[in-house]
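Worksheet: the structure to be examined is printed underneath.
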Amino acid sequence: MVNIIVCVKQVPDVAELKIDPLTHNVVREGVPSIVNPDDRIGVEEALRIKEKYGGRITILSMGPPQAKAALFECLSMGTDDAILLSDRTFAAADTLATAYTLARAIKMYRNDFDLIICGRRAIDAETGQTGIQIAEQLEIPHLTYVKNVQVFPDEKKVVVRREVEGQIETIEAPIPILLTVMEGLNKPRLPNLREIIKSKKKEIRVVNATELGGDLSLYGLKGSPTWVAKVYPPPPKPGGTIKSGEPKESVSELINILAEKKLIVKRVE
Amino acid sequence: MMAQVSSALIDIQSWRGVFVYVEMKDGKPRDASLELLGASHKLKESLQEEITAVILGKDVAEFAKILASYGAEKVIVAEHDMLGHYTSDAYTKVLSKIVLENKPSVVFYPATPNCRDLASKMAARLKTGLAADCTDLKVNGNKQLVQIRPDFGGKDLSEILTKTRPQMVTVRPGAFKKLQPKDSKVRVQKVKVDLKPEDMRVKILNVEKAKIEGSDDLVKSQIVASAGMGFGSRENIAIFEEFVKAIGASPGASRPVVERGWIARDRQVGQSGKTVAPKLYFAIGISGSVQHRVGMENSEFIVAINNDPNAPIFKFCNFGIVGDLFKVLPLITEEVKKIKGNSASS
Amino acid sequence: MHADGEKFDAIVVGAGPAGTTAALTMAKEGMRVALLERGEYPGAKNVFGGVLYRWPLEEIIPKFWETAPLERQIVDHRFMVMAKDSGLLMSFKVDGKDKAPYNGYTAIRAKFDRWYASKAEEAGVLLANSVAVDDVITENGKVVGVRAGQGAENELYASVVIGADGVNSSVAVKTGLRNPPDPDEVAIGVKEVVELPSETIEARFNLRKGEGARMETIGCTHGKMGGGFIYTNSSSLSVGVVILLSHLMELQMKPYTLLDEFKSHQMIEPLIAGGKAKEYSAHLIPEAGYSRLPRLYGDGVMIVGDAAFLCSYPEGTNLAMASGMIAGKAALHAKKNNDFSANSLSAYQKMLAESYAMKEMKRKSSSHKQLIQNPRLFGVYPDLVGELLADMLHINGELKSLKHKRAIKKFRQKIGLLRAIRDAYSARGMAP
Amino acid sequence: MKLEERLFLDRFNVHEDNHLIVDTSKCTECSLKPCTFVCPVDDYNWDGGKLIISYEGCLECGACEVVCPFDKIKVMSPPAGKGVSFRFG
């Protein structure tokens, strides 16, 4: 038996975000929300572990009430239950406040976990910090950039392959542990009809700040050591050099630039 | 669970100095860390604080001189056998002790995979803020660090401020320039490292080079070259392949090229294909439709070759050659081979 | 057979207007209904260019206009005859009162269908999105469930299956109720949604705040059966062209070329100028007409809406909803008698035949075949009208009486009086 | 407006498997090749004696299936809500 918590985030489908040509602001209206892709990989990995060893998979998320849709999607993949932390007090949290909130919920509702799985990063903010900070809050070890997981429930350990900058580290670690997983670990399944129907009857537990308790000043914007002072569109990129003359001249100018920028270098054999 | 420290409790004035965390890569301090020394100097005028490089590792004291030559005014060295290979546990324990003893106002980390891991854990342990993957830094009138980072894949920039201390930032490699190295005097402080085997909760069993599978190289490669319909036929792809081999690029393709089967489907760059952001990107015979653009526009330097001067690609490339690719491309291949010492032509 | 699989009273395939209506009708009376939608959300795969009329939706959701996401109430009905370089526009304005309810509304499918399906959920329907039903399960010739992929885990069972899965319906085809459509039974519509400020729309279409216009056009399909349309939404226009597929094949043209031509016509271009395209879509529209309606039921199965070719310009949605409502009632009846046989479900077709919607469809499409085979209506007449009016309105010193004579002569040459009368009769089906 | 710009307006959640099932054995016998022009997004192209089929920009209208004179085209539904999603419709 392996009890797993998968932390997921509902994110805007970043590929669908468009820039308003007049204001240059990101247009979020009408952009569909999806389950963060790396988190979906986490759900799939949890399901595979459960299929081997049994146990329970809880989906945990923090977000507005609409995030329920993302949780239903995870449930329809075959996970067992879901908790959504939803309260205005939680809003505008940075990664530390988010990690605090999620860690507290884990302590309160699912403290019998063996594994916590998080996606490597969310495609909206791309910080890749929250998972690690949850582990630190819970005082458990973590491993990032996980590309392969083997679980040994009886020995209370995992053997993990972690890929960093072209190197694979094989690491043994004790349970409980938090893993952040990334693309390439698995291919998330499509929900089947029966699980979809079943998921419709599963309850999503929605927890507000009062229920979660603790020091309310540690949640949301109040509990966040960082805050966003300003958001603005990036300055337009300066126009490039366009050459239309004699190919030989254009090419030699290009080669000079590339060599100067060290983009082509003499090969050292 | 540890209680959070309320920001009001932090006496901001007592935190002074800029720390640059130096990551080792291939047996030497990594360029991205040296760039941060450069960044610190840029901010020095407004911050007026001492710049300290902090280096952790097995035998790393010898690099203090190099760090000084790139701008470190002080170097803190922590050496231990258990720091020979990066682990969150050991590195966080040692670094957090150094930071708490010295109380710098700023800690910079390069936004590399392991440093992002370390910085996240450090921030959680010290209960302070961390701005991830910043591309620019400023100091405002209150001597606060303004941390500028892209959101939504670069569609927005946001300015982050940190209420707590130290202000921690991971900075994208390449965002700042290294200083010209010059010999400088440096104060080196060696710290005593207190690490016990039980501090390491995880155990590294093996480290090996990762095999690149399938089209994995495309998203990892420093140079990507993509072929478009300008090649006209499958046979003509040969001159593309020769170029790719010479310059050492990962081959990609636009959607129509993939559809025609000239290049494998898993090499499609763009919407419904892969998103790449290499240092150098070649768009060859590609008009630059929006679908293609979303897959490559974050590349650092974009070179476009197309015979249509009105092709949209010329609006967002860094260097564009309007001309017949069948003339231009072999010339580039030839020049590249010359520079690379002909080793690729065999 | 389906030990661990749950059994529903009814499975409705497709959460468009027809399917949701059927599901809602049944669930309201306590039937256990699963509504399966292949899109990410109801409406995700639907395309609309038409009017949502009060009837019969009002019967299903009283005062729906108070909560439904509607765009504009239609008060201006426009009809245009278009020739290559001219256009004759007729506008009829009615119903411009100050208070709801109005007779018809424009709607955006993705918003409306989602809202409508949520009403079904409130009534107890189990709505499952992202489920692509590709086959039915039969036992001893009776439909007992559906399949949405491989394996038992993608099977679902019910006493009755209602196919509301659109013009390309798998339920209709797999049960043998009808064949896949022929090219002369369906038209292709291509459409753009063009964003414009609501004040601009009101100014350009001569509307008061919140009011809407619909505009149908003939003469923009190279003499083939079809036409163009504009429907006004709150802050966008739905602009499209429809052409019978078999006629498009004769033209050997790309459908979007017709759309481009339509959009750049001098009668249309100023209406959409400065607008920003927001979406491009395409869809098939049943044009088989009353005479080619399939059988609408079998053992354990019924088909409704577009799946049953129940669509008749410009009333697609209300015919779909009417068929869904009546099929739902037939299912309730069958449930009461615990008899889902073809014989029992035949009540659906009988009730439908007696309904307003079906009688209207019969009236309109009896002339359908003549329309298809008559190239004059979509080409010769529009061109002639343009030519004659242009000649008449061009002041060049020539006496009007001479022009009149020439016009009559031209009309006789090109069409002839008797033929014109016959054409007018066959075109009555085009009357809204 | 160019077709590719039009397609960029739409939301596609592309499934890795082609949902346009085409048996191309009769294509050389087909003189009209209606699929190559009725498709509203040019998913069918006749290129050097071969039918090139792309499916990423498919609007799932089904016209290709209807017009194929040899009944060799089958348009499946992309699974799990994938394929095109209209935001207006």
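The values are calculated or read from the model by the stated rules, or taken from the named source; none is laboratory data. Bear in mind the structure is a predicted one, so any value in this text is a computation, not a measurement. Don't worry about glycine lacking a Cβ; one is built from the backbone with ideal geometry, like all the others, and counts go over all protein chains shown. Please note that ligands, DNA and RNA were not included when accessible areas were found on the heavy atoms of the full protein model with its side chains. Shrake-Rupley method; radii C 1.70, N 1.55, O 1.52, S 1.80 Å.
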(message) Sort B:81, C:9 by heavy-atom solvent-accessible area, probe 1.4 angstrom, most to least.
(response) B:81, C:9
(request) Compute the normalised compactness of segment B:128-172: alpha-carbon radius of gyration over 2.2 N^0.38 Å, N being the residue count. (result) 1.09
(request) Calculate the dipole size of chain B relative to its Cα centre from +1 charges on Lys and Arg beta carbons and -1 charges on Asp and Glu beta carbons; express the result in debye to the nearest 20. (result) 640
(request) At a 1.4 Å probe radius, which order do D:1, B:122, C:392 fall into by accessible area, largest first? (result) D:1, C:392, B:122
(message) Viscosity 1.002 mPa s, temperature 20 °C: give me the Stokes-Einstein translational D for segment B:217-345 in µm²/s, with Rh taken as the Kirkwood radius over C-alpha pairs.
(response) 151
(message) Please report the accessible area of residue A:72 (heavy atoms, 1.4 Å probe, ligands and nucleic acids excluded) in Å², nearest 10.
(response) 60
(message) Which one, B:55, B:72, B:92, is farthest towards the positive end of the dipole of segment B:26-123 when Lys and Arg carry +1 and Asp and Glu -1 on their Cβ?
(response) B:92
(message) Cα atoms only: what Rg and Dmax, in Å, come out for the protein assembly as shown?
(response) 33.4, 112
(request) For segment B:3-161, state the average projected area of the convex hull of the C-alpha atoms over all orientations, rounded to one decimal in nm². (result) 9.8
(request) Net charge near residue B:53: determine it from the other residues with C-beta under 9 Å of the C-beta of residue B:53, scoring Lys and Arg +1 and Asp and Glu -1. (result) 0
(request) Name the residue, out of A:170, A:23, A:79, whose mean-square fluctuation peaks in a Gaussian network model built on chain A with Cα pairs under 10 Å. (result) A:23
(message) How large is the accessible surface of residue B:59 in square angstrom, using a 1.4 angstrom probe and rounding to the nearest 10?
(response) 110
(message) Under 8 Å for C-alpha pairs, at least 6 residues apart: give me the relative contact order for segment C:30-184, rounded to a whole percent.
(response) 25
(request) Any chance you could give the angle, 0 to 90 degrees and rounded to 10, that helix A:37-53 forms with the longest Cα principal axis of chain A? (result) 40
(request) Would you work out the charge dipole size for segment B:217-345 about its Cα centre, treating the Cβ of every Lys and Arg as +1 and the Cβ of every Asp and Glu as -1, and quote it to the nearest 20 debye? (result) 200
(request) Quick one: give the max-minus-min coordinate of the C-alpha atoms of chain C along each principal axis, largest first, in Å. (result) 88, 44, 36
(request) State the Kirkwood hydrodynamic radius of segment C:309-365 in Å, one decimal place, computed from all pairs of distinct Cα atoms. (result) 11.7
(request) Taking the Cα centre of the protein assembly as shown as origin, sum charge times position over the Cβ atoms of Lys and Arg (+1) and Asp and Glu (-1), and report the length of that vector in debye to the nearest 20. (result) 1540
(request) Specify the inter-centroid distance of segment A:131-194 and segment C:224-296, based on alpha-carbon positions, in whole Å. (result) 52
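At 1.4 Å probe size, put A:217, A:244, B:33 in order of accessible surface, largest to smallest.
Sorted by accessible area, descending: A:244, A:217, B:33.
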(message) In segment C:179-239, if the dipole is taken from +1 on Lys/Arg beta carbons and -1 on Asp/Glu beta carbons about the Cα centre, which of C:228, C:238, C:206 is farthest to the positive end?
(response) C:206
(request) Over all alpha-carbon pairs of segment A:4-218, lay out the pair-distance distribution in 5 Å bins, whole %, shortest bin first. (result) 1, 7, 15, 20, 20, 16, 11, 6, 2, 1, 0, 0, 0
(message) How large is the convex hull of the C-alpha atoms of segment C:368-430 per residue, in Å³?
(response) 80
(request) Give the Rg/Rh ratio for segment C:186-286, taking Rg as the radius of gyration of the Cα atoms and Rh as the Kirkwood radius, to two decimals. (result) 0.99
(request) Calculate how large, on average over all directions, the projected area of the Cα convex hull of segment A:1-61 is; give the answer in nm² to one decimal. (result) 4.6
(request) List, in order, the whole-Hz ³J(HN,Hα) value for each residue of segment A:180-190 obtained from phi through the Karplus relation with A = 6.51, B = -1.76, C = 1.60 and θ = phi - 60°; use x for Gly and Pro. (result) 10, 10, 9, 3, x, 5, 7, 10, x, 6, 8
(message) So, taking all protein chains as they sit and a 1.4 Å probe, how much accessible area belongs to residue B:91, in Å² rounded to tens?
(response) 20
(request) Using a Gaussian network model of chain C whose springs link C-alpha atoms within less than 10 Å, name the residue from C:18, C:327, C:27 with the highest mean-square fluctuation. (result) C:27
(message) Based on the alpha carbons, how large is the Rg to Rh ratio for segment C:39-164 when Rh follows Kirkwood?
(response) 1.12
(request) Would you mind checking the tilt of helix B:88-102 against the longest principal axis of the Cα atoms of chain B, expressed as 0 to 90 degrees and rounded to 10? (result) 50
(message) Report the Cα centroid-to-centroid distance between segment A:34-85 and segment C:50-104 in angstrom, as an integer.
(response) 45
(request) Could you tell me the distance between the Cα centroids of segment D:29-46 and segment C:390-406, to the nearest Å? (result) 46
(request) Take the eigenvalues of the Cα gyration tensor for segment D:34-89, scale each by 5, and report the square roots as semi-axes in whole Å, largest first. (result) 21, 12, 11
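Measure up A:18/B:315; C:278/C:364; B:28/B:182 against 27 Å on the Cα-Cα distance and list the ones that go over.
Beyond 27 Å: C:278/C:364.
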